[in-house]
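The values are calculated or read from the model by the stated rules, or taken from the named source; none is laboratory data. The structure displayed is predicted, hence computed values, not measured ones. Methodologically, a virtual Cβ is constructed for each residue, glycine included, from the backbone with ideal geometry; neighbour enumeration extends over all protein chains shown. Areas reflect the complete protein model, heavy atoms only, side chains present, ligands, DNA and RNA absent. Shrake-Rupley method; radii C 1.70, N 1.55, O 1.52, S 1.80 Å.
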Amino acid sequence: MAVVSTSLGGAAATQLSTHFSGLRKSFLRLESSNYTSSESLLLNVDSHLRLASLYKACRGVVMMAGSGKFFVGGNWKCNGTKESISKLVSDINSAKLESDVDVIVAPPFVYIDQVKNSLSDRVEIAAQNCWTGKGGAFTGEISAEQIYDLGCSWVVLGHSERRHIIGEDNEFIGKKAAYALSQTLGVIACIGELLEEREAGKTFDVCYQQLKAFADAVPGWDKIVIAYEPVWAIGTGKVATPDQAQEVHVAVRDWLSKNVSAEVASKTRIIYGGSVNGSNCGELAKQEDIDGFLVGGASLKGPEFATIVNSVTSKKVTA
Ligand code: PGA
């Protein structure tokens, strides 16, 4: 069954993408209502000149609309034993990983120490969740301080399994993000719509509300990576098409540009998650606004995870 496109499909999506030129977005709006025809002409000439010079300079340059480094996270969820994790770590340690990628794995809490003590420093570690504030009398919770103490540099927040199975809401997740950042952790901030929300044409509304909750809570975006993970694609084997993913990624970047700043929109990595595997990552990585992946099931296999990390090569422009 094909998953419906968003309400911004077709002509509107084409119009959105025309706001961008070349390898980097210009964030210039060229609508005639805002500019006189001579201003429009100058802006168009300017963008074509920039485009031409970029193409000259772009041999081997990574094809990305954002300016951040490619980022691939492996979310191991509630999987593994000491033994299977030891094998997974050894497979990752022996894999060849492209250098121009930030690589992160998120083991279950109870195995973080084991992973920290055996995984190569080339790969950073994330926790899969954290408490909203300082630790104390919160049975069963783990604080950002403890996560940092174990040697993690990231935490995944707002994952759909926490939103929809555990019942975490936008405000609660925003609070966690703010506190994690205050403890110097980076945040992998997950957003994404349910199937019925997509079918009702609410994909953008849902994603924007989730983004706004993060934006309202955090003091800055330097250490935030946004993971767009349509819920219908998570663990289902039903991956979003490259066009479906790109359409939302470009909208997320546009939202950041309008509601935060053009600089944040350019710098913030927007990664895709939902049934990414070794076979589909190359086509997804070619999309201009896909800056990496958050991977569940396929991250439990070392060689396949390495293939996904190395899909950064799909972005390279062949001269
Ligand atoms: P999946 O999970 O790759 O197994 O679909 C992705 C995620 O939940 O981050």
| message | Taking θ = phi - 60°, what integer Hz values does the Karplus form 6.51 cos²θ - 1.76 cosθ + 1.60 yield along the stretch 294-303, in sequence order, with x for Gly and Pro? | response | 10, 10, x, x, 6, 7, 7, 10, x, x
| message | Assuming 0.36 nm per residue, please report the length gained on full extension of the stretch S153 to K116 beyond their Cα-Cα distance. | response | 12.2 nm
| For K316, what accessible area in Å² do you get when you roll a 1.4 Å probe over the heavy atoms of the protein chains, rounding to the nearest 10? | 70 Å²
| query | Hey, if you put +1 on the Cβ of every Lys and Arg and -1 on every Asp and Glu Cβ in the stretch 70-318, which of V187, S311, C207 ends up farthest toward the positive end of that dipole? | reply | S311
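What do you get for trypsin sites (Lys or Arg not before Pro) in the stretch 77-146 restricted to DSSP loop and a cutoff of at most 15 other Cβ within 10 Å of the site's Cβ?
Numbers: sites: K77, K82, K87, K96, K116, R122, K134; in loops: K77, K96, R122, K134.
When the trypsin sites (Lys or Arg not before Pro) of the stretch 77-146 are filtered for loop state and at most 15 Cβ neighbours within 10 Å, K96, R122, K134 remain.
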| Dipole magnitude (debye, nearest 20) for the stretch 70-318, charges at Cβ of Lys, Arg, Asp, Glu | 340 debye
| request: Could you pull out every residue, at least 5 positions away or on a different chain, whose amide H is within less than 5 Å of the one on G186? Hs are placed 1.01 Å off N in the peptide plane, and Pro or chain starts have none. | output: W154, V155
| request: With label points built 7 Å along Cα→Cβ from the Cα atoms of T236 and N259, find their separation and express it in nm. | output: 2.4 nm
| Computed label-point distance, nm, for sites C78 and D243 using a 7 Å Cα→Cβ extension | 3.8 nm
| remark: Given Cβ charges of +1 for Lys and Arg and -1 for Asp and Glu, the option among A177, N93, V103 whose Cα lies farthest towards the positive end of the dipole of the stretch 70-318 is N93
| Efficiency by 1/(1 + (r/R0)^6): what FRET value for K134 and A200, r their Cβ-Cβ distance, R0 = 35 Å, to the nearest 0.05? | 0.30
